[in-house]
1. Under 30 Å from F127 (Cβ atoms), within 16 Å of ligand 2 (Cβ to nearest atom), open to solvent by less than 50 Å² (accessible area, probe 1.4 Å) and modelled with pLDDT under 85: is that true of G233 in this structure?
2. I need a count of the residues in the range 255-306 that are within 11 Å of ligand 2 (Cβ to nearest atom), among the hydrophobic types (A, V, I, L, M, F, W, C) and open to solvent by 30 Å² or more (accessible area, probe 1.4 Å).
3. Condition first: assigned to a helix (DSSP H, G or I) and either under 30 Å from V390 (Cβ atoms) or of a type outside the set (A, V, I, L, M) (or both). Can you find one or more residues in the range 41-49 that meet it?
4. G223 fails exactly one of the following numbered conditions: (1) more than 16 Å from ligand 2 (Cβ to nearest atom); (2) open to solvent by less than 10 Å² (accessible area, probe 1.4 Å); (3) under 21 Å from L388 (Cα atoms). What is the number of that condition?
5. List the pairs whose first member sits in the range 85-114 and is outside any helix (DSSP H, G or I), whose second member is open to solvent by 10 Å² or more (accessible area, probe 1.4 Å) and hydroxyl-bearing (S, T, Y), and whose Cβ atoms are under 8 Å apart, counting only residues at least 6 apart or on separate chains?
6. With the requirement that a residue be within 16 Å of ligand 1 (Cβ to nearest atom) and free of Cβ contacts under 8 Å to residues at least 12 places away in the same chain, what does the range 293-327 give you?
7. So the check is Cβ under 6 Å with 6+ separation or different chains; which pairs have a first residue in the range 186-215 that's small (G, A, S) and modelled with pLDDT of 95 or more and a second one that's open to solvent by less than 10 Å² (accessible area, probe 1.4 Å) and in a loop (DSSP other than H, G, I, E, B)?
8. Go through the range 212-320 and tell me which strands (runs of 3 or more DSSP E), entirely inside it, have 2 or more residues that are among the aromatic types (F, W, Y) and out of contact with any helix residue (DSSP H, G or I) (no Cβ under 7 Å at 6 or more places or on another chain).
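The values are calculated or read from the model by the stated rules, or taken from the named source; none is laboratory data. Everything numeric in this text was worked out from a predicted model, so none of it was measured. Methodologically, a virtual Cβ is constructed for each residue, glycine included, from the backbone with ideal geometry; neighbour enumeration extends over all protein chains shown. These accessible areas exclude ligands, DNA and RNA; they are computed on the full protein's heavy atoms, side chains included. Shrake-Rupley method; radii C 1.70, N 1.55, O 1.52, S 1.80 Å.
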Amino acid sequence: MNILLLGSGGREHALAWKLKQSSRCSKLYIAPGNAGTALYGTNIALKLNDFDSIRAFCLEHNIDILLPGGEDTLVNGIYDFIKGDDALKHIIVAGPSKEGAQLEGSKAYAKEFMMRHNIPTAAYREFDLQSFDEGLAYLEQHSTPIVLKADGLAAGKGVVITESREEAKAVFTDMLKEARFGEAGRKVVIEQFLSGVEVSVFVMTNGSSYILFPEAKDYKRIGEGDKGLNTGGMGAVSPVPFYTGDFAARVEERIIKPTVRGLQAENITYNGFIFFGLINVDGDPFVIEYNCRMGDPETEVVMPRLKGDLVEMIEDMAAGSFKASYDPGGNIDPRCACTVMMVSGGYPEQYENGKAITGLDAVEGSIVFHAGTRQDDGRVLTNGGRVLAVTSYGDTIGEALERSYENIAGIDFDKKYFRTDIGYEFK
Ligand code: AMP
Ligand code: GLY
């Protein structure tokens, strides 16, 4: 199988690492990739939303599987583009159709889907410019805190949680009247604030059956103790100690199964990952968000715990039936995997690129997934806010983290920063 993987982050490095372990993987191309993905395949310069160039590349290099790492390309309809083209339609696209990707692409769409299928989520209303005054009145009687979400893709920045109604009204006005999130904010979802611990749950589905991947918890805030600005993710652990027994069973019965049955009942073509962003409210799971792709940095702990052959899983998904051996007991490594992100000082605000990274060769007992790096004359340079995800296995979360922190001590670049408290609740 010749595979084209789209993206350039830690998630894509972890996917490339896993795909390359398969005897079914022939050529692996990563577009655009980073210094880490280059160890497993060939990086190529393709723009992720330039479908015509992707088409030409697939034809020239006999691509069999296309795996878009991120949501943009999926929400923009790469699946339908490939399947609608006679010369390309044999290619397996590991991702949903444009319609299926709306589960992530539109918060309002996702909310309506959950309502139709009775899937637990925060109570909400949606508003646009025409219903602006109604929205203000709704906020007037809403309990605080209040969660406001721009409807469309906003690169992880479209959610604002406000402590007061006044602040909520200001944000709401900004979103709708001042187009703070551009096109993405033309509709706004206002929802109830849910209090609990979050967990990320992943399945691979063909729209009628699914296989469970390991769950994970990521740490989104920049500062220790979950303080400060939101980031793409500063670290992750898997498994998540409270994701067992009753809670895990509730997630499957109340959320995963109704979601997959809903896709099937509505004839929504879906051949890919669903990432359920969940919150545990006193033992009951609620959906915070759906994503139509794997998470980052969750993938950097999920792939190391996945035992089976990812290429075979993707082929089976496309063929319409998963093997019994993909049940979690056979497919998930019982060891813990944890990752700690090393980021550029200043991230998630201003930071500088192009700093030389040293110490990578001395790493022992951890896997370093590159996020924002590039190669330059044999050197590896920083090339993004999130730079490296240092993943380790351990019998306990604490042991895995200790290994990652030992290796991080030996890796250096100007203004490196990382959180020292990843997994703090579970150690
Ligand atoms: P999202 O961009 O949808 O991932 O939301 C970003 C973050 O906002 C989530 O990871 C949660 O921490 C938080 N969040 C979103 N919706 C809610 C909610 N209804 N109640 C509490 N926190 C929320
Ligand atoms: N780590 C959260 C995400 O990938 O959206």
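1. Values: under 30 Å from F127 (Cβ atoms): yes; within 16 Å of ligand 2 (Cβ to nearest atom): yes; open to solvent by less than 50 Å² (accessible area, probe 1.4 Å): yes; modelled with pLDDT under 85: no.
Here the answer is no, as G233 does not meet what is asked.
2. Residues that pass the stated criteria total 1.
3. no
4. The one condition G223 does not meet is (2).
5. V93/Y79; G95/Y79; P96/Y79; P96/T269; S97/Y79; S97/T269
6. Passing the criteria: none in range.
7. What qualifies is S200/G295; S200/E298.
8. Of the strands (runs of 3 or more DSSP E) lying wholly inside the range 212-320, those with at least 2 residues that are among the aromatic types (F, W, Y) and out of contact with any helix residue (DSSP H, G or I) (no Cβ under 7 Å at 6 or more places or on another chain) span 270-281.
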